[in-house]
Amino acid sequence: MTPDVFLFWFLALLIVGSGLAVLLFTNPVYSALSLAMTMVGVAAIFITLNAYFIAGVQLIVYAGAVMVLFVMVIMLFDIKSEVQAFTSGKISGAMKLIAVGLLSGLIVGGIIMGQKSFVGELSKDAAAQVAEANSAKMKRAAGADAATKELGVALFTKHIFGFEALGVLLTAIAVGTVALARSRGGTHAK
Amino acid sequence: MPSSSFLTDISLNHYLILSSVLFVIGMAGVLLRRNVIVILMSLELMLNAVNISFIAFSKFTQNVDGQIMVFFVMTIAAAEAAVGLALAVAIFKRFKEVNIKFFEHLRG
Amino acid sequence: MGHDSFEITINCIKLVLIFLMMVQAVPILVWVERRGSAFIQNRFGPNRVGPLGLLQLLADAVKFLTKEDFAPDRAIRPLFYAAPVFALIPATLAFAAIPMSVPLEIGEYVFKIQGYDMNVGIVFILGVSSLAAYTILMAGWGSASKFSLLGALRASAQVISYELALGLSIVGVILLFGTFNLTEMVIAQQGPLTFRAFGHTISSQFLPNWGIFYQPLAAVIFFAATFAESNRLPFDLAEGEAEIVAGFHTEYGGFKMLMFFIGEYGHMMLGSALMIIFFFGGYGIPGVTVADVRQWAAGITDSATQISVITTLVHFLSFMLKFVLFLWIFIWVRWTLPRFRYDQLMDLGWKTMLPWALGNTILTALVIYLIS
Amino acid sequence: MDHSVLMAILLLSPFIGFLINGVRYKQPTYKLSGGIATAAVFISFICSVLLFSDLVGLPADQRKIHVKFFEWLSVDKFKVDAAFYVDQISGIMILIITGVGSLIHLFSTEYMHHDKGVTKYFSYLNLFVFNMLILVLGDSLLTMFVGWEGVGLCSYLLIGFWFTDKEKAAAGMKAFITNRVGDAAFLLGMFILFSTFGTLNIQEINSLAPTAVETSWLGALTLGTMFLFVGATGKSAQIPLYVWLPDAMAGPTPVSALIHAATMVTAGIYMIVRLNPIFIVAPNTMMVIAIIGALTALMAASIGITQWDIKKVLAYSTVSQLGYMFLAVGVGAFGAGLFHVMTHAFFKALMFLGSGSVIHAMHEEQDIRKMGGLKKYMPITHWTFFLGWLAIIGIPPFAGFFSKDEILWMSFHSPMGSPVLWAVGALSAGMTAFYMTRLMCLTFWGKSRVPKSVHPHESPAMMTIPLVVLAFLSVVGGWIGIPEVIGHTFGHIPNYLGDWLAPVIRPIPNLAPADHSLEWGLMGASFGIASISAFVAYHFYVKSPEIPGKIAASIKPVYELVFKKYLVDELYFKTIINPLVEISRKIWFYIDVNFIDKLTYIIADLIKGGGGVTRSLQTGNVQVYAMYIAIGLVVALSIIIIK
């Protein structure tokens, strides 16, 4: 077992475990902290996939900012443990569980069955590429730096419209959030 | 497929399955949890799951566009979290409650 | 496989060494701080245990270790106990990415005096250090105390706010050196101060080629923001004694308290190190390049290994000198400046530093675009 | 000035007046409102005069001013322009409308001064003038129809002007509904003409009109003109659709003068005159028109003898005179018909305004049994009314004599006419003389029967000036159409009107040369009948007032029948309105309530029930909605994988 393989399984277990913890903890604080853990794990997975820059951004944006916000809000609300963490209703609950289970089964099944089609072709190519990447292991560092540059170039040329649109979106969001935060409970306010 | 190669050969499928499992966990959270904030967190989980598959595709197709999409998804996720939390705070201020059961004012 | 396992072993050893170094530096820093504060405040400070009170470190360590380990009755124990442990992680992880000297070459092996070398080092350091907010929040929440929670909320809000200014001030530096890699940054800062514009080159014999001469505004903002990031005066609202006792670590005592100390000093060290690398030439020596040093070492000995060792040691010394200087500035500021009010803190972060950092970024980008 | 500008001002001036008064309709400022309205119509009058003088300046065969503003409708080959034209016929009409109109506006200013809705009244009046001008000037039947409907609307609004009185509101409704019947026929006529000629443009229709006479009863032209004539009977109050006009006297008296005497009710005659080339080739229609006109003249005159309400008498007189006009056009004497339209406009407007003056003086009293001897109280009104009386009963040389005599002569002389028609016409002329004299006697002469509480007085100048002007016109108005026989006898006085209209009127085919001695004889006969009737009436109602009562008692059944207007209204109610109401009620109950309503209720219940079922899906719980999405995802994925 190579370190890469070990790393993948370790991180996969970490991610799935902490993801389940988000779902299962009845205390929202624990859920939030588990989610933060998941985020860090995902960042690590990004690193194993050579997406260094995205990994760093994942840490800064998700783990560093978004999740901190979540935790702060939960702490502000002062909710310790919930009496009813999960939805009641046997039929709807069962339906939800069935839907979720079927969905996971379908996706995983689809991925495995789909090897012959798109994903399969991709895997063959990917195998060759992985081999190539392994042989050129020493060059990986330089390649990664170039990847960051390539990322920037693509972002500001090919995807410039999306970038600008996101800028507009963020501005709108900032204004809206401030407006919401300043309100005293929405339209019901006196 | 033989289990030994499944354990040792990490292919695109492994990442995709990891991604889908995480996605489904997030979805279960959205469907089953009652706390508005936990639901928002589960949404973040789903977005992260999608990000994993984006990055995996990006790596295995040697295409940087996948990373760009992740960049966009992150931005939108951050925005969504900001608005969602602001709403949650506003609702909490008003009702002193974050249980989603209490917000069924649009019941038909 | 064999090569990989050797690499992994060396890396682990390096990480352990760096961690130990950080942990060991803390008692010294505590002593410096206590003596320094006494010096600044015209007192004696600890001077009974050992020469100059140096053994006070040991006495403190013993005291911390032997104190009763207690938790408040209604504390949330998992969080309460986990928080101090987590406090060490971000600073250590980030500090491991700091290049402290030129690589050591022994035979065919090249050892980087650095926990690990990452091409996107800066992004990684920022990302990891932003995790510090969790420590504070966990501690504040887990203590089940009003003061703790208030302190934690203050601290995390402050950290998030100043992260923006911090990150934006670094963007100028990144644009200037054209890399995320810390080592490359250090290399770029060697030699005399040299401006290249429109095909002309202007160089100064007296000044080193340091970032501070290109990015003075970024340096000021970055330095101020590191104070806020490490929750030190004048930004230590999280533990404003007059208002909330001791902030998020009100309920902590003994060894757990010490771990928070280590975390805080770790951040301080990280800030100092980054300050040096971005703006003060890293391990470089003013007026002398690495090649000069190597040539000088070759005059002493013939062994390539010895030359390498000497070169590495000299640069490490240079790094340490600067490092200690900045740490002293941290302590100096702490005992000199008063604390901000909370609204002033937020105003400074959002309304002053953020716009200036933004302006600096735009200006830098513009200038680089125009002269290249 | 450019003709299009003149035309625009002519048309828009009353419309702008309507808008101004319309937006300030609650203001009770009678002087300002009346001033605006009168000025608006007077400006139109000036434009009419200018246009008319331009028309006179043109050579006789090119007398036409055509102005096209824009293309109004364009559907395939069907094109209608917003275009208007003035020719010999419409030139006379616009002078009458705006001239008499402005006098009546002036009169109204004083007459309506006590009314709270005075501004609203003037805005309606201006709107009427605008629509009437469109009717008269429109160059296509559709444009004319717009005006036709517009004046109907204004008529309705003004008859029901005091709508708080239920009877008056009902009178307005009656006028409107009766007119609808006529309008429907008018539309049918338009359709037939369009399918025949492929155009609705009046000039084109006239130029396309065949020269051959159509003898079939079911020919396109006969049917088309017949329908148009039915439309005209509605607007111009002929048998069988005349019933609304006497009731229309519920409106303010100046309105009766303007709309229900001088202008709107003559629209039917005007329409026929304007389309004379196609009417002349449909002799069957012409015959029907002549017979209907003669019968209407006789019947209305006979009813007029028995009425006690001053305005009702004048209303039946109007119906009778309109019958005369139809008699004229029915025998092909279009020029005589138009001539009578003009003279009638003068003297009937005069008499209505005079009656208005009397009513005003009598404090809204309209019953002539409570009047009498008003001569000494209101001299100007009396003398002007007197001149109008002379004009209507046909005393030479007053206006009515010439026009009425020409009609009677033509009804005898024209190949489409007959001695019977002449006899009926002469008889109704005699009746006219009788009841007008009766009105004169009972109102102004003889002993005063005015109640003690009422103190009659002469009306102010604003009301008397229009009376004087109209009286003058009633005296001299007929001189422009002096018949050839008289002109020939008294030197060479030309028949200005006849010459003027000649280019646009098709001559009556096979018209024999006039026998002057016969014409003199007939003229003498009709004059004799009229004067004898007048004398008898004077004797009955001034000298020995008890005789009429005795006569009435001796022929009681006949008198009752006539007094009750031949029970036409009752007949209509019994045969048309009541069955219609009954059938409608049945239809309402069986089709509307039991079928359509039930159907909609069933549909509504179905939707409601379905909504109730689907409503349970709308739990308001976000998570359930998310579950639907998940289920959808599962289904979609299964389909993809199975494929």
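Considering only residues of region D:1-59 that are closer than 24 Å to D:Met463 by Cα and hydroxyl-bearing (Ser, Thr, Tyr), which is farthest from the chain's Cα centre (by Cα)? The extreme case among them is D:Thr29. For region A:34-67, a residue qualifies if it is in contact (Cβ under 8 Å) with a residue 24 or more places away in the chain, facing chain C (nearest Cβ under 7 Å) and within 21 Å of B:Ala82 (Cβ to Cβ), and the qualifying residues are A:Ala36, A:Ala63. Looking across region B:71-108 at every residue that is without any contact (Cβ under 8 Å) to a residue 12 or more places away in the chain and aromatic (Phe, Trp, Tyr), the one that is farthest from the other protein chains (Cβ to nearest Cβ) is identified as B:Phe102.
Yes/no per residue for (1) in a helix (DSSP H, G or I); (2) free of Cβ contacts under 8 Å to residues at least 12 places away in the same chain; (3) not acidic (Asp, Glu):
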residue	(1), (2), (3)
C:Phe213	yes, no, yes
C:Ala219	yes, no, yes
C:Phe223	yes, no, yes
C:Thr226	yes, no, yes
C:Asn231	no, no, yes
C:Glu251	no, no, no
C:Lys256	yes, no, yes
C:Phe261	yes, no, yes
C:His267	yes, no, yes
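For region B:4-25, name all the residues that are under 29 Å from A:Leu69 (Cα atoms) and more than 7 Å from chain A (Cβ to nearest Cβ). Residues satisfying the conditions are B:Tyr15, B:Ser19, B:Phe23. Within region C:33-82, restricting attention to residues that are among the polar types (S, T, N, Q) and loosely packed, with under 14 Cβ neighbours inside 10 Å, which residue is nearest to C:Gly254 (Cα to Cα)? Filtering region C:33-82 for residues that are among the polar types (S, T, N, Q) and loosely packed, with under 14 Cβ neighbours inside 10 Å, the one nearest to C:Gly254 (Cα to Cα) comes out as C:Thr66. Say whether the condition of being modelled with pLDDT of 85 or more and more than 14 Å from chain B (Cβ to nearest Cβ) is met by at least one residue in region D:628-635. Within region D:628-635 (the criterion being modelled with pLDDT of 85 or more and more than 14 Å from chain B (Cβ to nearest Cβ)), the answer is yes, since at least one residue qualifies. Only one of the numbered conditions (1) under 30 Å from D:Pro277 (Cβ atoms); (2) among the hydrophobic types (A, V, I, L, M, F, W, C); (3) in a helix (DSSP H, G or I) is not met by D:Trp72, and that is (3).
Condition check for D:Tyr156 on (1) among the hydroxyl-bearing types (Ser, Thr, Tyr); (2) assigned to a loop (DSSP other than H, G, I, E, B); (3) buried (at least 20 other Cβ atoms within 10 Å of the Cβ): one failure, at (2). The set of residues from region C:172-211 being hydroxyl-bearing (Ser, Thr, Tyr) and not in a helix (DSSP H, G or I) comprises C:Thr179, C:Thr194, C:Thr201, C:Ser203, C:Ser204.
Tallying residues that are of a type outside the set (A, V, I, L, M), in contact with a Gly (Cβ under 9 Å, 6 or more places away or on another chain) and assigned to a loop (DSSP other than H, G, I, E, B) within region B:64-108 yields 5.
Here is a yes/no grid of residues against (1) modelled with pLDDT under 90; (2) farther than 28 Å from D:Asn131 by Cβ:
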| position | (1), (2) |
| --- | --- |
| D:Tyr242 | yes, no |
| D:Pro246 | yes, no |
| D:Ala250 | yes, no |
| D:Pro254 | no, no |
| D:Gly268 | no, no |
| D:Met287 | no, yes |
| D:Ile291 | no, yes |
| D:Thr296 | no, no |
| D:Ala300 | no, no |
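On the basis of being of a type outside the set (Asp, Glu) and assigned to a helix (DSSP H, G or I), does C:Ala144 make the cut? No, not satisfied. Going by the conditions given, is D:Trp500 within 30 Å of the chain's Cα centre (by Cα), modelled with pLDDT of 85 or more and either outside the structural domain of D:Tyr316 (by TED's automatic domain parsing) or among the aromatic types (Phe, Trp, Tyr) (or both)? It is true that D:Trp500 is within 30 Å of the chain's Cα centre (by Cα), modelled with pLDDT of 85 or more and either outside the structural domain of D:Tyr316 (by TED's automatic domain parsing) or among the aromatic types (Phe, Trp, Tyr) (or both).
No other residue among C:Ala97, C:Ala91 is closer than 30 Å to C:Thr183 by Cβ and in a loop (DSSP other than H, G, I, E, B) apart from C:Ala97. Applying the condition of being facing chain A (nearest Cβ under 7 Å) and either touching a Ser or Thr at 6+ places or on another chain (Cβ under 8 Å) or under 15 Å from A:Ile60 (Cβ atoms) (or both) to region B:61-70 and asking which residue is surrounded by the fewest Cβ atoms within 10 Å (Cβ to Cβ) yields B:Asp65.
D:Lys31: exposed (fewer than 15 other Cβ atoms within 10 Å of the Cβ), in a helix (DSSP H, G or I) and charged (D, E, K, R), yes or no? So D:Lys31 passes the test.
Kindly indicate whether C:Phe44 is over 30 Å from C:Ala291 (Cα atoms), in a loop (DSSP other than H, G, I, E, B) and more than 14 Å from chain A (Cβ to nearest Cβ). Yes, satisfied. Out of the residues in region A:28-73 that are of a type in the set (S, T, N, Q) and in a helix (DSSP H, G or I), state the one that is nearest to C:Tyr134 (Cα to Cα). Filtering region A:28-73 for residues that are of a type in the set (S, T, N, Q) and in a helix (DSSP H, G or I), the one nearest to C:Tyr134 (Cα to Cα) comes out as A:Ser34. Listed conditions (1) without any contact (Cβ under 8 Å) to a residue 12 or more places away in the chain; (2) crowded, with 16+ Cβ neighbours inside 10 Å are all met by C:Ile8, apart from (2). Take the residues in region D:159-191 that are part of a helix (DSSP H, G or I) and either charged (D, E, K, R) or in contact with a strand residue (DSSP E or B) (Cβ under 6 Å, 6 or more places away or on another chain) (or both), then tell me which one is farthest from D:Ile97 (Cα to Cα). Only one residue fits best here, namely D:Lys166.
Of the numbered criteria (1) under 21 Å from the mean Cα position of the chain (by Cα); (2) closer than 16 Å to D:Leu470 by Cβ; (3) surrounded by fewer than 24 Cβ atoms within 10 Å (Cβ to Cβ); (4) of a type in the set (A, V, I, L, M, F, W, C), the one D:Phe347 fails is (3).
If you scan region B:25-48, which residues turn out to be surrounded by fewer than 24 Cβ atoms within 10 Å (Cβ to Cβ) and under 19 Å from B:Tyr15 (Cα atoms)? Of everything in region B:25-48, those that are surrounded by fewer than 24 Cβ atoms within 10 Å (Cβ to Cβ) and under 19 Å from B:Tyr15 (Cα atoms) turn out to be B:Met46, B:Leu47.
The values are calculated or read from the model by the stated rules, or taken from the named source; none is laboratory data. Because the structure is a prediction, the values reported are computed rather than measured. Using ideal geometry, Cβ is built from the backbone for each residue, glycine included, and neighbour counts are taken over all protein chains shown.
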